[in-house]
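The values are calculated or read from the model by the stated rules, or taken from the named source; none is laboratory data. Since the model is a prediction, treat every value here as computed from it, not as a measurement. Because the Cβ atoms are built from the backbone with ideal geometry, glycine has one as well, and the counts that use them run over all protein chains shown. Keep in mind that these areas ignore ligands, DNA and RNA; they rest on the heavy atoms of the full protein, side chains included. Shrake-Rupley method; radii C 1.70, N 1.55, O 1.52, S 1.80 Å.
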Amino acid sequence: MGKALIIGAGGVASVVVHKCVQNSDVFEEICIASRTVSKCDALKEKLDGGKTKIHTAQVDADNTEEVIELIKAFGPDVVINVALPYQDLTIMDACLATGVHYVDTANYEPPETAKFEYKWQWAYKEKFEKAGLTALLGSGFDPGVTGVFTAHAQKHEFDEIHYIDIVDANAGDHGYHFATNFNPEINIREITANGRYWKEGEWVETAPLEKKEVYNLPEIGPKDIYLLYHEELESLAKNIKGLKQIRFWMTFSEKYLTHLKVLENVGMTSIEPIEFEGKMIQPIHFLTAVLPDPASLGPRTKGKTNIGCIIRGLKDGKEKTYYVYNVCDHEECYNEVGSQAISYTTGVPAMIGAMLVMNGEWRKPGVWNVEDFNPDPFMDALNKWGLPWQESHNPELLDLDLDAKELSR
């Protein structure tokens with residue numbers, strides 16, 4: 001059907017490449033591009049020889065002109081951005097300059113500020129409309145599949161959605177004292193930031209990891225879950241009409257949080273530059289360099305993930321609850337594509353989103369989040385490409401009023 005340029009060569013990019021090669025009827029040619037071309041070449045060597053023709057290239061994704069030149073040279077139908085979130089705008093600019101559709105998995109973050117929101121990318125809406133191009137934002141799992149799950153529930157299960165709790169649980173064990181399952185810098189910035197949730201039209205802010213619950217998740221059991229801010233809250237609060245509250249929860253072990261707190265206390269998670277041996281460095285960049293590469297965790301990680309949406313609302317005038325989720329096995333992911341489940345659950349939806357843009361099912365000019373489109377082809381593709389979803393109409397529920405619960409203790 002066409003050609004895709006994949007920018008990035010980390011764990012998620014590796015899954016995207018594997019899945020594009022599996023889906024060769026759609027992805028006839030791909031080009032893997034990264035600052036470190038040897039990583040791209042290693043993927044090509046591993047997967048070359050099938051129906052999908054694989055190219056590699058070196059590119060500095062911080063440099064718009066370099067990205068433009070690469071796009072012109074390769075001529076893709078879509079760019080799949082699985083580089084760093086700091087590079088989203090650079091790559092979007094290059095797509096506009098060359099007339100190519102755009103897909104990413106995480107919203108833009110300014111490097112100098114631990115803050116992620118959609119305003120910078122949503123500001124490109126008119127430019128993409130005028131260019132007749134589609135920019136699909138957040139086509140990973142969360143954001144991504146969680147938005148599709150919500151759109152599916154809105155279309156098929158509810159007349160009105162009032163409450164959403166997104167729960168992201170990882171029960172995998174990699175054996176290290178401390179490691180992150182995706183880019184350490186992005187992961188740590190996300191966790192150490194203040195929590196936020198949306199309630200009755202306003203944002204409620206909490207201290208980092210202040211709100212904790214225990215939730216019994218299918219196939220992995222009871223886990224400590226902590227309230228975080230996550231970018232899909234912003235788009236879903238805007239796009240799901242009638243919504244009263246939406247929150248995001250993630251699991252962390254006590255061991256993980258203890259290590260993180262020590263690193264934070266000694267300044268290693270800071271993004272403020274310090275002088276070291278005559279050079280200015282960000283401590284978190286040094287920490288990232290010494291922690292295990294998330295892409296190396298695959299052969300060590302055992303256990304499962306469970307990510308889904310617990311939704312409450314009305315159907316035919318009656319209150320209704322619904323839980324839609326995916327369970328993913330780390331070892332099965334590694335056996336299939338050589339990556340652990342965190343990379344797998346992000347990389348598979350990135351391929352699916354790009355496929356739907358390429359085949360026209362999810363194509364309209366502008367900048368869009370996944371919930372802006374018909375969820376049905378995406379939900380079908382999840383079952384086909386390795387992330388089958390499950391559902392319950394009688395799920396365990398989380399308390400809706402966190403403040404009232406605190407006061408009652």
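When only the Cβ of Lys, Arg, Asp and Glu is charged (+1, +1, -1, -1), the dipole of region 143-336 relative to its Cα centre reaches about 420 debye. Mean-square fluctuations from a GNM of the chain, with a 10 angstrom spring cutoff on Cα atoms, peak among L243, L291, L96 at L291. The apolar share of the surface of region 1-136, taken as the fraction of accessible area on carbon and sulfur atoms (1.4 Å probe, ligands and nucleic acids excluded), comes to 48 percent. Accessible surface computed residue by residue for region 1-137, with neighbouring protein chains in place and a 1.4 Å probe, gives 39 Å² per residue. Computed about the Cα centre, the dipole magnitude for region 1-136 is approximately 300 debye when only Lys and Arg (+1) and Asp and Glu (-1) carry charge, each at its Cβ.
Using the charge dipole of region 1-136 (Lys, Arg: +1 at Cβ; Asp, Glu: -1 at Cβ; taken about the Cα centre), state which of S14, F128, T98 has its Cα farthest towards the positive end. Selected residue: S14. Computed over protein heavy atoms with a 1.4 Å probe, the carbon and sulfur contribution to the accessible area of region 151-241 reaches 44%. Rolling a 1.4 Å probe over the protein heavy atoms gives region 257-336 an accessible area of 54 Å² per residue. Potential lengthening of the chain between I281 and H177 amounts to 34.9 nm, from the contour at 0.36 nm per residue minus the alpha-carbon distance.
Measuring from a point 7 Å past the Cα of Q390 along Cα-to-C-beta, which residues in region 133-148 have an amide N at less than 18 Å? What the label zone holds, given the 18 Å backbone N cut-off, is 146. Taking the average, over residues, of other Cβ atoms within 10 Å as the packing measure, peptides 217-227, 271-281, 252-262 rank 217-227, 252-262, 271-281 from highest down.
Taking each residue as 0.36 nm, the span from Q58 to K72 lengthens on full extension beyond its C-alpha to C-alpha distance by 3.6 nm.
Using the Cα centre as the reference, give the magnitude of the dipole from point charges on the C-beta atoms of region 257-409 (Lys, Arg: +1; Asp, Glu: -1; all else neutral), rounded to the nearest 20 debye.
140 debye
Applying 1/(1 + (r/R0)^6) with R0 = 56 Å to the Cβ-Cβ distance of E254 and D25, what FRET efficiency is obtained, to the nearest 0.05?
On the way: r = 47 Å, r/R0 = 0.84.
In this case the efficiency is close to 0.75.
With the simple model of a label 7 Å out from the Cα in the direction of the Cβ, I274 to N359 spans 5.2 nm. Using the rule -39500 (n - 2.57) for each DSSP H run of four or more residues, divided by the residues of the chain, the 222 nm mean residue ellipticity is -10500 deg cm²/dmol.
Take the Cα of T321, go 7 Å toward its beta carbon, and the backbone nitrogen atoms of region 188-230 under 20 Å from that spot belong to 212-227.
Pop out the carbon and sulfur fraction of the accessible area of region 274-409 as a percent, whole number, probe 1.4 Å. That share works out to 49 percent.
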